[in-house]
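Here the structure comes first, spelled out in structure tokens, and everything after it is commentary.
The values are calculated or read from the model by the stated rules, or taken from the named source; none is laboratory data. Fair warning: this is a prediction, and the values are worked out from it, not measured in the lab. When we count neighbours, we look across all protein chains shown, and the Cβ atoms used for this are built from the backbone with ideal geometry, even at glycine.
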Amino acid sequence: MKYKLETIPVWDAYKEEGECPLCSLSEKAEERYLNFYLGSSVMNPETRVEVNKTGFCPEHYSGLLSKRSNHGLGLMTHTHLEKRMELLAPYLRKIKSEAAKASGKTTLIKPKKLGSAIDDLENHLLEHEENCMICDRIEYTLKRYTFTIVHLWNTDGEFQEFFRKSRGFCFHHLPDILKMAREILSPAKLADFCGEIVSLTEKNNERLEKEILWFTQKFDSQNFDKPWGTSEDAHYRTIHKLTGKPNSHIKK
Ligand SMILES: [Zn+2]
Ligand SMILES: [Zn+2]
């Protein structure tokens, strides 16, 4: 077995009965990792080396800032900046030396080597922008959760019942669950699973469409006094279904 089972958190997420269990699991994982990187464990040398090298994406830096653990964050960003200065230095030196060579020349042709030194610097920085330790860890953890969902569907009758009554998945996570099923199920089971996912998705999209429709109709004066039913938060849940929760947009 390639992935580790995570039965308890998966069951907990299903019991929340939200629009997407993977979004809920992703939110909890994110919270755990934000706390982890501000906690004492980040002082262990291996984690420290990794943080210094990789850093975080803008969204997760915002998450870290919102925790208001300024001392810890200061220490971490200080050593990360030191490491990044070391990695950046050769690119800056290259630009400086090519600029010096081109300086004072009267030609109208742009200096090629200076141009490529600028490109190299851009590529180096872009590569770093794509790196985030928290995104990486959430992605890894979510793989285990998707594995657990498919595994439980395949082996646990009680879970299968829950699964069928659930609200399915958001559009962002829908391919993930199908891809995991493709990876680990036998062809016959994969066909069954895909059939179930499609009906689950269709049924829940129709349910949500009715809820958001009633939400819009509630603004007509003739409907002011009628009950909301389940529609009062339908705009939140529709956005959630369409895009996943904001934090679920980790790079893949
Ligand atoms: Zn989701
Ligand atoms: Zn991130």
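List of remarks:
- Any hit, the range 153-167, residues being within 16 Å of ligand 1 (Cβ to nearest atom), under 15 Å from residue 24 (Cβ atoms) and under 14 Å from the mean Cα position of the chain (by Cα): no
- Residue satisfying condition, being away from ligand 1 (no atom under 16 Å from the Cβ), among the hydroxyl-bearing types (Ser, Thr, Tyr) and within 22 Å of residue 148 (Cα to Cα), within set 199, 221: 199
- Residue in the range 102-121 that is closer than 30 Å to residue 175 by Cβ, out of contact with any helix residue (DSSP H, G or I) (no Cβ under 6 Å at 6 or more places or on another chain) and not in a helix (DSSP H, G or I) present: no
- Pairs are defined by a Cβ separation below 7 Å, a sequence spacing of at least 6 or placement on different chains, a first member in the range 217-242 that is surrounded by 13 or more Cβ atoms within 10 Å (Cβ to Cβ), and a second member that is of a type in the set (D, E, K, R); the pairs so defined are 228/218; 230/211; 231/211; 231/218; 234/211; 237/19; 240/19; 241/19.
- Which listed residue, of 3, 37, is farther than 23 Å from residue 176 by Cβ, among the aromatic types (Phe, Trp, Tyr) and at pLDDT below 95: 37
- Between 178, 152, 114, 174, the distinction of being surrounded by 14 or more Cβ atoms within 10 Å (Cβ to Cβ) and touching a residue at least 40 places away in the same chain (Cβ under 8 Å) belongs to 152 only.
- Pick from the range 101-111, criterion surrounded by fewer than 10 Cβ atoms within 10 Å (Cβ to Cβ) and among the basic types (Lys, Arg), ranking: nearest to residue 123 (Cα to Cα): 110
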